[in-house]
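Working notes, structure below.
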Amino acid sequence: MTLETRLIDIVRADADLMHVLTVMRDLDLPDWRLFSGAVYQGVWNERTGRPTGYGVKDYDIGYFDSDVSWDAEDVIIKRGAAAFDPPFRDLVEVRNQARVHLWFEQKFGEPYEALTCTDDAPAQFVAPAFAVAVRLEGDDTISVAAPYGLQDVFDMVIRPNPTRGLAKGWDRVIAGVRARWPEITVIGPE
């Protein structure tokens, strides 16, 4: 069984994750994906025997729309929120990936290259283990975007993203992850 097949099986076994994916698919946003924590943390929970959903703080949804105005994004954010009942309404965060470069440096203190599609986003994440995204397709298959592969995710290894260098706030990120999954291995600065 490939790592991608294992990931898809883990995603399908998580009722909350599948709920978010189904609602998002039905919203039919352009070029959308569910990113990062809710995905890789599901793998880590499966690997460590923790329950599904353990450690998941939110569900980050990216979509790509060339209209980079705040007004256009705000309409989509509100549409996404209205599609969910509590508690998901407060846990799902929808953001236009075409706009990230406009605010990222001010918020996080480092530059961010403009993206050309949603699948470009994971390559910019802090660590390869975090760089994973999924989408529930119209035919009920789950597609995966993982620009650095899935080995680090399944090995529970966190290393700095090789294309962006050490992210500001690296120590805080590692401390937060390690508090929930002490089994992780960190390669690089700690």
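Laboratory data are not the source of any read-out in this text; all were calculated from the coordinates shown. This structure is a prediction, so every number in the text was calculated from the model and none was measured. With ideal geometry, Cβ positions are generated from the backbone for all residues, glycine too; neighbour counts draw on all protein chains shown.
Per-structure values
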quantity: Any hit, the range 112-119, residues being β-branched (Val, Ile, Thr), surrounded by fewer than 15 Cβ atoms within 10 Å (Cβ to Cβ) and either in contact (Cβ under 8 Å) with a residue 24 or more places away in the chain or on the phi < 0 side of the Ramachandran plot (or both); calculated: yes
quantity: Residues of the range 42-79 that turn out to be touching a Lys or Arg at 6+ places or on another chain (Cβ under 6 Å) and among the aromatic types (Phe, Trp, Tyr), as a count; calculated: 0
quantity: Residues within the range 144-184 that are surrounded by fewer than 13 Cβ atoms within 10 Å (Cβ to Cβ) and in contact with an Asp or Glu (Cβ under 7 Å, 6 or more places away or on another chain), tallied; calculated: 1
quantity: Residues (assigned to a helix (DSSP H, G or I) and more than 14 Å from Gly62 (Cβ to Cβ)) located in the range 26-47; calculated: Asp26, Tyr40, Gln41, Gly42, Val43, Trp44, Asn45, Glu46, Arg47
quantity: Pairs with Cβ under 9 Å, 6+ apart, first in the range 65-78 and within 16 Å of Met24 (Cβ to Cβ) and in contact (Cβ under 8 Å) with a residue 12 or more places away in the chain, second in a helix (DSSP H, G or I) and among the acidic types (Asp, Glu); calculated: Asp65/Glu73
